[in-house]
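Undergrad: My structure is below; once you've seen it, I'll send some questions.
Every number in this text was worked out from the coordinates using simple rules, so none of it is lab data. Computed from a predicted structure; not experimentally measured. Reconstructed Cβ throughout: ideal geometry from the backbone, glycine too, with neighbour counts over all protein chains shown.
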Amino acid sequence: MSTTQEELFKIIKLKLIGKESLANALSDVLHISPDAVYRRYRGETSLTIDEIKRLCIHFDISFDFLIQANSGQAIFNYQPLDSFDFRLESYLEGILNSLRNLKSLSEPHFIMSISNNHIFQLVNFPQLMRFRLFFWAKTHLLVPEYQKIKYFHEKTSETAFAIGEEILQLYTSIPSTEIFDPELMRGFMRQILYYYKSHLFEDPSYALFLCDRMLLFSKHLQIQAEIGKKFIYGQELPSEGNKFEMYLNETINTDSTIYYSGKETSGIFLTHNIMNYLQTIDKKYVLDSKQILDKQLANSSLISEVNEKERNNYFFEFEKMILSFRKKIEADLEF
């Protein structure tokens, strides 16, 4: 069993993957030489309480998590609402940083259960992502600066486009096993209809544009399911790699959970407060969550590459749902 000091160094090394060396990083924080750092790393010298405190504060590590003080409790990281930036660029930056950390692991992989929104696939269509953020800020969280404005079309900035492109490159390059249910994006379509009926679009016809982007979303996802590989919308189909396993849970996914793993570590992301997320590497919690996801997979049907009939029916129903919302809006506009 590893000591608290070994666990602390293990967590710090994970946080430093792809960044500066352990010796340089810790010598700056502890004000000691690189040789002194390595003596502590090898266990030849014990860290003092003050040194542990400095490292925990600097690297944002919970001491309670480190010593596993209480069974049945887990420490989560999250972004407080008072520091949340609802701009598309800022939201995408948070997703990008998480994917970079996952990609830096040896043999990365993730298992994902999707409850309504598929955040990674949505990045293929930034207009949909921007509407989702606007709705969250204005209608769910009642952010003051959003209350007197209607939703309006705005060209995606070059910065947001570049960040989104890197997110998709990382997401498509990491093998994934994903569990879908019949409610995919239904809530999102209800939000479009709600804004239309509430006269919250600056241009009411923009609701139809969003519906049409959703139809493209469906087609793009279906092609990925057919070939069992992920790729970025508008690009050529990949000939190898980009493994995508799509499972169908015919009942409902009660939450969105992402279990990620590599040779070095594993962890969990959970949706939180609608579009925020919680993250933990608590071993017991991660193991419990993985077991639940394994049971979900056992009760679901693989529809990527195989089960053509079931896959086609799934996307037929998905597209029919989108079209039903679109027809309601279109009929009202014509009236």
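Undergrad: With charges only on Cβ, +1 for K and R and -1 for D and E, what is the dipole size of the stretch 4-67 about its Cα centre, in debye, rounded to 20? Walk me through the numbers before you get to the answer.
TA: Details: 9 positive and 10 negative charges, 29 e Å.
Here the stretch 4-67 has a charge dipole of around 140 debye.
Undergrad: Provide the percentage of antiparallel DSSP beta bridges, counting only those with both residues in the chain; round to the nearest 5.
TA: Close to 65 percent.
Undergrad: Could you point to the residue in Tyr196, Ile12, Gly94 farthest towards the positive end of the chain's charge dipole, with +1 and -1 charges on the Cβ of Lys/Arg and Asp/Glu respectively?
TA: Tyr196
Undergrad: Net charge within 12 Å of Ile232 by Cβ-Cβ distance, Lys/Arg positive one each and Asp/Glu negative one each, not counting Ile232 itself? Spell out each step's value before the answer.
TA: Details: positive: Lys229, Lys230; negative: Glu165, Glu166, Glu236.
Counting the neighbours of Ile232, the net charge comes to -1.
Undergrad: Along the stretch 32-44, what does the Karplus equation 6.51 cos²θ - 1.76 cosθ + 1.60 (θ = phi - 60°) give for ³J(HN,Hα), rounded to whole Hz, x for Gly and Pro?
TA: For the stretch 32-44, the Karplus curve yields 10, 6, x, 4, 5, 4, 5, 5, 6, 5, 7, x, 6 Hz.
Undergrad: What shape does the stretch 4-67 take by its C-alpha gyration tensor, where a ≥ b ≥ c are the square roots of the eigenvalues and a/c under 1.5 counts as rounded, a/b above b/c as prolate, and the rest as oblate? If you can, show how the numbers build up before the last one.
TA: Numbers: a/c = 1.44, a/b = 1.12, b/c = 1.28.
Since a/c stays below 1.5, the shape of the stretch 4-67 is classed as rounded.
Undergrad: Over the stretch 137-275, what is the relative contact order in whole percent, taking alpha-carbon pairs under 8 Å and six or more residues apart?
TA: Details: 117 pairs, mean separation 38.8, N = 139.
The normalised contact order for the stretch 137-275 reaches 28 percent.
Undergrad: Sequence gap at least 6, Cα distance under 8 Å: using those rules, report the relative contact order of the stretch 81-334 to the nearest whole percent.
TA: Numbers: 365 pairs, mean separation 67.1, N = 254.
So the answer I get is 26 percent.
Undergrad: Given the C-alpha centroids of the stretch 285-335 and the stretch 222-261, what is the distance between them in whole angstrom?
TA: Value for the Cα centre distance between the two parts: 12 Å.
Undergrad: Calculate how steeply helix 308-334 sits against the longest principal axis of the alpha-carbon atoms of the chain, using the helix alpha-carbon long axis, and give the answer as 0 to 90 degrees to the nearest 10.
TA: 60 degrees
Undergrad: Determine ³J(HN,Hα), in whole Hz, for all residues of the stretch 166-171 in sequence, where each value follows from phi through the Karplus function 6.51 cos²θ - 1.76 cosθ + 1.60 and θ = phi - 60°; x replaces Gly and Pro.
TA: 5, 4, 5, 4, 6, 4
Undergrad: Picking from Leu102, Leu278, Leu16, which is most flexible by a Gaussian network model of the chain using Cα springs under 10 Å?
TA: Greatest mean-square fluctuation among the candidates belongs to Leu16.
Undergrad: Lys/Arg Cβ at +1, Asp/Glu Cβ at -1, dipole of the chain taken about the Cα centre: which of Leu170, Ile75, Thr3 is farthest positive-ward?
TA: Towards the positive end, the residue furthest out is Ile75.
Undergrad: Same structure again: By how many nm would the segment from Gln147 to His58 grow when fully extended, if each residue of separation counts as 0.36 nm and the alpha-carbon distance is taken off?
TA: On the way: separation 89, 0.36 × 89 = 32.04 nm, distance 3.77 nm.
Between Gln147 and His58, full extension yields 28.3 nm more.
Undergrad: Starting from the amide H of Lys229, placed 1.01 Å from N in the peptide plane, find each other amide H under 5 Å away whose residue is 5 or more places distant or on another chain.
TA: Those lying under 5 Å, H to H, from Lys229 are Phe244.
Undergrad: Still on this structure, please answer the following. Output wanted: per-residue J couplings in Hz (rounded whole) for the stretch 117-134, from phi through Karplus 6.51 cos²θ - 1.76 cosθ + 1.60, θ = phi - 60°, x for Gly and Pro.
TA: 8, 9, 5, 6, 5, 5, 5, 4, 10, x, 5, 5, 5, 5, 4, 4, 5, 4
Undergrad: Where the centre of each part is set by its Cα atoms, how far does the stretch 21-59 sit from the stretch 97-133, in angstrom?
TA: With the stretch 21-59 and the stretch 97-133 each reduced to a Cα centre, they are spaced 34 Å.
Undergrad: When the dipole is taken about the Cα centre of the chain, and only Lys, Arg (+1) and Asp, Glu (-1) are charged at their Cβ, what size is it in debye, to the nearest 20? Please list the in-between numbers first.
TA: Values: 37 positive and 44 negative charges, 50 e Å.
Value, rounded to 20: 240 debye.
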